[in-house]
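Structure first, then comments.
We did not get these values from a lab; they are worked out from the coordinates using the rules stated. Bear in mind that the values here come from a model prediction, so they are computed numbers and not experimental data. Note: ideal-geometry Cβ built from the backbone for every residue, glycine included; neighbour counts use all protein chains shown.
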Amino acid sequence: MGRISRTASYAIASSIQENQQPCITCTTFNILAPIYKRLNQEDQSCRESDYKACWLARNQRILNWLLYERSSIICLQEFWIGNEELVNLYDKRLGDAGYVNFKLERTNNRGDGLLIAVQKEYFTVVNYKELHFNDCGDRVAQLLHVELAFPFSHQNSDITQEILIVNTHLLFPHDTSLSLVRLHQVYKILQYVESYQKEKQLKPLPIMLCGDWNGSKRGHVYKFLRSQGFVSSYDAAHHYTDADAHKWVSHRNHRGNICAVDFIWLLNPDKYQKLLKTSWSEAVFGMFKYLLRKTSQTERDAFAFLKVDKEDCITYSGFCEALRQLNLIGHCHGLSVEKTKDLWVQADINGNGAIDYKEFLQQIWNLEESDQRDDMKNMQHDEGRNDSEEEQTIGFSVKNAVLFPQEVEKGRWPEDYSLSDHARLIVMFSPIRIVRL
């Protein structure tokens, strides 16, 4: 596999060779808004935003890199949208370089937000949508629907290729109760994408989810997206498994911890997807199981924790009380009454108002095993389909992915890196023909 070098980064969309499908690149980068960048650790109120020469020089360097690399798609987080001079700087330099830009400010005048830029030469913008989570973090997301300017050529026929691109920045998990908020933010994104495709009556399209997810490969958000068929592009390019979570990082947070939080997720049209509500329920139950295991509870202990005293099954009232004790409901960041009822319906599979020990193991405790069984059923279902039901569409394969600065690819954070407190991730994608059955 060819490597994207530091000094000769790809302008991949333009590197079209004869008889070869053109590739595209996507960059995601949290550029650290000057209103958050601390210049003096002893004086937390001293921010870069107070020193124009500092923030202007740093953002000029960021733009120099972005324009040198010329990714087909650029997704930025912590874009200082509240500063008109900085906004005009990005608009002019990206615009002069052939990009069309879309910006979205966080709610309640937080000052920063998101920016998506795509090369006009290679994409036609079909639609642009904005999603406001309207939660405690004032977070937002962008949805961009684009069509490749060059069709995919296969067997003397050209196929139009469209992509859905999402850019977001999830809430930082300052405490465990906010982990549920982050999970809900991803759920809202996937609901929105799903409803958009239904509203526009679209056939399944490739989906790229870009941004700062403020959670690692060990987290609930990661597992939730995986359950929906998404793959981490960087891990796919390097053949990393879940056991390789320690091999790369992309962020040094305000606590001094280094972690991998920046992802470009890919979902191809042929990838098996569970019902979204089912995946959501399983993700919340996974959080429930994690919280109980922190106290070294076994499945028997957990069942006893959920059920009301002197009863041999779990009732709805006992279920709600257990969720309250685990801080999953009963406060402004917790599950709503409606979502709590949805969880109950998911667990009470026979609908008799009570969950016995067997149901508890199957629907709450042993979800990973259930996932494996579902995957096997899906494979068997695919094998039984008729070739006459085939439908041709286009997806992407991950050709390569790199992080800059390069030290983070080895799990180290370089002390002399000052461009941001995040690394930038660049992924190369190649169009491929997909047969949907």
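Straight-line cross-link partners of LYS92 among the lysines, defined as a Cα under 22 Å from its Cα and at least 8 positions apart when in the same chain: LYS52, LYS103, LYS120. Pair-distance distribution of segment 158-219: all C-alpha pairs, bin width 5 Å, starting at 0; shares per bin in whole percent are 4, 15, 23, 21, 14, 11, 8, 3, 1, 1, 0. For LYS274, a cut-off of 26 angstrom between C-alpha atoms picks up these lysines, skipping any fewer than 8 places away in its own chain: LYS129, LYS188, LYS198, LYS200, LYS203, LYS217, LYS223, LYS289, LYS339, LYS341, LYS358, LYS377.
The convex hull around the C-alpha trace of segment 244-318, projected and averaged over every direction, spans 9.0 square nanometres. The slack in the chain from ARG93 to GLU130, taken as 0.36 nm per residue of separation less the alpha-carbon distance, amounts to 11.0 nm. Please work out the FRET efficiency for the pair CYS54 and GLN406, using the Cβ-Cβ distance as r and a Förster radius of 25 Å; give the result to the nearest 0.05. Taking R0 as 25 Å, the efficiency between CYS54 and GLN406 is 0.50. Among the GluC sites (Glu not before Pro) within segment 224-319, those in coil by DSSP and having at most 14 neighbouring Cβ atoms inside 10 Å are GLU311. Given points 7 Å out from each Cα along the Cα-Cβ axis, report the LEU39 to ARG324 separation in nanometres with one decimal. My value for the distance between the label points is 5.1 nm.
Taking other C-beta atoms within 10 Å as the exposure proxy, CYS26, CYS259, CYS46 rank CYS46, CYS259, CYS26 from fewest upward. Taking amide H as placed 1.01 Å from N in the peptide plane, the amide H of VAL261 sits under 5 Å from that of SER250, HIS251, each at least 5 places away or on another chain. Legend: ranking of residues ARG70, ARG93, ARG61 from fewest to most surrounding C-beta atoms inside 10 Å; resulting order ARG61, ARG93, ARG70. Note on GLN273 and SER317: with the Förster distance fixed at 35 Å, the Cβ-Cβ geometry gives a FRET efficiency of about 0.55.
Taking other C-beta atoms within 10 angstrom as a stand-in for reagent exposure, ARG47, ARG300, ARG424, ARG324 fall in the order ARG300, ARG324, ARG47, ARG424, fewest first.
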